[in-house]
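Read the structure below first, then the notes.
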Amino acid sequence: MVASSLISTNFLFSSPLFPPRSPIRKLTIVSLHKIPTPSSSHVKPHKRSLLPCRPLCPPCLNKLLLTTRNPFSFALDSLLILCTSLALSLSLLVADVDSASAFVVTPQRKLQTDELATVRLFQENTPSVVYITNLAARQDAFTLDVFEVPQGSGSGFVWDKGGNIVTNYHVIRGASDLRVTLADQSTFDAKVVGFDQDKDVAVLHVDAPKDKLRPIPIGVSADLLVGQKVFAIGNPFGLDHTLTTGVISGLRREISSAATGRPIQDVIQTDAAINPGNSGGPLLDSAGSLIGINTAIYSPSGASSGVGFSIPVDTVNGIVDQLVKFGKVTRPILGIKFAPDQSVEQLGVSGVLVLDAPANGPAGKAGLLPTKRDSYGRLILGDIITSVNGKKVTNGSDLYRILDQCHVGDKVIVEVLRGDQKEKIPVVLEPKADES
């Protein structure tokens, strides 16, 4: 652009369309150089010529041409020069744009196929993930006023259009009030629909408009494979939605419930980072379907860089259905209290030692004997359960695993070691007393 302006300026100022301030009215021009005179004194001075010098010098010749040409030819030349300058300016302008685009580097977001799939998965499933705040009632020691303070937080996800939110039980444990924040930052008060302490699952309900609720796609966890990519979405440390990626590093793991200590079977193990606040959030497969609930992390160092565990969606599905329909989970029990596994191992036997069997419970009604002391204070061991329905029982986890496959009202054959003899006792399973 600068070059074009200079060129056009030079053309215009050399054009007759722009004459000098003092136009030449006569052709008589005083030359800037000295006029040569003959050295001989006898030569008579000639009559003054219209041109100051012979032969013509370049300045005089230029002025002669400018004053002797046809005015029409001046206008034509000026028009030609003007068109040429405009064409040259336009060409330089286009050339400048092309050269600028050639030298200025503009970053282009060229993502790989797997990156695009991850970005799309996060954008499509983030509206289904919510932030849960656990509020507890506290009383001021001086004023005795009762107020609510946040005692914890976690994640959850929308289960259906009815406003049901699924999360971990330990996220809402001990709460006097709960609040759920959706992806659009709208907050609603939540009430507890039901919970399962044994499997660390809880269902909340919010009265939110249906257009704000986007249920998460439900997948299947029975056909998962080690090495499969997984994605965890949550609100760690109270931040906005975050995404961590990893693979399934193990299947059919077993962890204990944080509330009751009862084992949770078939847990998914992953190396995707599950930080504080991710609890209750979804674990997704590469298709964006729910395959588990992020519930715990095992880290010997105490950092959030250990092994993460997720409750499989097949287990969660049945629990949520019962909680939504009945507000409780009717899980069968034997109605016993048993000794820790380490105590039984010290006795040199394999099985579950019955410490207590209430008379109004299933085991007490069937006649299982608890551990007690005689009149002299000596310890008399109770029955030791060795198998249920022909399935071997070596510890408490085996017993829970077998009972999880049964239903309330089923009759099971319990084989026990009583003294030196084995006996088979039929027992009718019943629900927990507080769930009846």
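Taking θ as phi - 60°, what are the ³J(HN,Hα) couplings along the stretch 251-260 by the Karplus curve (6.51, -1.76, 1.60), each to the nearest whole Hz, with x for Gly and Pro?
10, 6, 7, 9, 10, 9, 5, 5, 8, 10
Please report the Cα spread of the stretch 337-435 along all three principal axes, rounded to whole Å, starting with the longest.
Over the stretch 337-435, Cα extents along the principal axes are 40, 26, 24 Å.
Counting other Cβ atoms within 10 Å, which chymotrypsin sites (Phe, Trp or Tyr not before Pro) in the stretch 278-382 have at most 12 and lie in a DSSP loop? Before the final figure, lay out each step's value.
On the way: sites: Tyr298, Phe309, Phe326, Phe338, Tyr376; in loops: Tyr376.
Counting only loop positions with at most 12 other Cβ atoms within 10 Å, the chymotrypsin sites (Phe, Trp or Tyr not before Pro) in the stretch 278-382 are Tyr376.
Of the listed pairs Lys365/Lys391; Lys365/Lys392; Lys365/Lys424, which have alpha-carbon separations greater than 20 Å here? Don't skip to the answer; put the middle values down first.
Numbers: Lys365/Lys391 22 Å; Lys365/Lys392 23 Å; Lys365/Lys424 14 Å.
In this structure, Lys365/Lys391; Lys365/Lys392 exceed 20 Å between Cα atoms.
Taking the stretch 125-326, how many lysine pairs are there with alpha carbons less than 21 Å apart, if each pair must be eight or more places apart or span two chains?
Total qualifying Lys-Lys pairs in the stretch 125-326 comes to 10.
Tell me which trypsin sites (Lys or Arg not before Pro) from the stretch 278-386 have a DSSP coil assignment and no more than 14 other beta carbons within 10 Å of their own.
Arg378
What residues have an amide H closer than 5 Å to that of Leu369, excluding those fewer than 5 places away on the same chain, when H is modeled at 1.01 Å from N in the peptide plane?
Asp383
Taking amide H atoms as placed 1.01 Å from N in the peptide plane, list the residues 5 or more away in sequence, or in a different chain, whose amide H sits under 5 Å from that of Ile264.
Placed amide hydrogens put Ile255, Ser256, Ser257 under 5 Å from Ile264.
Could you list which residues have their amide H under 5 Å from that of Leu290, counting only those 5 or more apart in sequence or on another chain, with H placed in the peptide plane?
Residues meeting the criterion, in which the H sits 1.01 Å from N, are Ile218, Gly219.
None of the figures in this text is laboratory data; all of them are computed from the coordinates on show. These figures come from a predicted structure and were not determined experimentally. Note: ideal-geometry Cβ built from the backbone for every residue, glycine included; neighbour counts use all protein chains shown.
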